[in-house]
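The values are calculated or read from the model by the stated rules, or taken from the named source; none is laboratory data. Only a predicted model underlies this, so the values are computations on that prediction, with no experimental measurement involved. Here the Cβ positions follow ideal geometry from the backbone for every residue, glycine too, while neighbour counts run over all protein chains shown.
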Amino acid sequence: MGTVEPATRLRADAQRNRDLIISAAKTVFASRGPDVPMEEIAKESGVGVGTLYRRFPDRDALIRAVAADNLGQILDKVRAAMAEEPTGWDALARIMRLSTDLRLSVALTASSERSLEIIRGDEKITELRRTLMGALDEVVTLAQREKTVRQDVGGGDVAVLCSLLLQKVRSLSEEGLEFATERCVAIMLDGLRASASNPLPGRPLTKNDVKH
């Protein structure tokens, strides 16, 4: 029987530890923000503090890695919606319901000026955001060609609507919170329909209006 090469096993272990750390950091950052002590993230991930710092030498590196991983997963889901849904409208509706997946990205950028600076200064993250905004533009344009989405909106409008869905409404009851997001998505989608009669003020928001 063959054995796994030590170098291959080490690479696999390193990747496993990295995945565990990022997964734990996502959970902690989403609930408590990015300023949680690194030791707590190590504990949550089940790896030693030394292992965490070998993979991510400081908090900035971990924030960048978590943001890039999160945006990459969202982009994959957006592309899947575009490839799998039969119409541009169906893809748009599916993407709007991905808003909860954006919660971590918003939490990271809204929680502190420092985390926003870290994320905006990273070229990989900037490119992921550009690509994601380009995909939203494509979906909106496709649905407009199908005459299912009103002509006076752009991908930037959809991005802003998704961000609004993530705002915490503390006055809602626990029961109301369970279906509030779904209701808001339905209301927003109705407003995006080509049949919507009231004109919108200003001009369509595009990817150039959304800061990367």
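Odds and ends about this structure:
- Contact map, the stretch 21-34: residues that are modelled with pLDDT of 90 or more and buried (at least 19 other Cβ atoms within 10 Å of the Cβ) paired with residues that are among the hydroxyl-bearing types (Ser, Thr, Tyr) and in a helix (DSSP H, G or I), Cβ distance under 6 Å, separation 6+ or inter-chain. Pairs shown: ILE21/SER45; ALA24/SER45.
- Matching residues, the stretch 42-62, being under 20 Å from LEU116 (Cβ atoms) and touching a helix residue (DSSP H, G or I) at 6+ places or on another chain (Cβ under 8 Å): PHE56, ARG59, ASP60, LEU62
- The set of residues in the stretch 144-164 that are of a type in the set (A, V, I, L, M, F, W, C) and outside any helix (DSSP H, G or I) comprises VAL149, VAL153.
- Residue that is surrounded by fewer than 16 Cβ atoms within 10 Å (Cβ to Cβ) and out of contact with any strand residue (DSSP E or B) (no Cβ under 9 Å at 6 or more places or on another chain), where the choices are ALA93, ALA42, ALA80, ALA67: ALA80
- Residue check, LEU52 modelled with pLDDT of 90 or more, crowded, with 18+ Cβ neighbours inside 10 Å and over 16 Å from the mean Cα position of the chain (by Cα): yes
- The helices (runs of 4 or more DSSP H) located wholly in the stretch 11-96 that include 2 or more residues which are in contact with a Leu (Cβ under 9 Å, 6 or more places away or on another chain) and aliphatic (A, V, I, L, M) occupy 38-45, 59-84, 88-96.
- Whenever a residue of the stretch 192-212 is under 16 Å from ARG129 (Cα atoms), its partners that are assigned to a loop (DSSP other than H, G, I, E, B), lying with C-beta atoms within less than 9 angstrom and at least six residues away or across chains, give the pairs LEU205/VAL153; LEU205/GLY154; THR206/GLY154; LYS207/GLY154; ASP209/GLY154.
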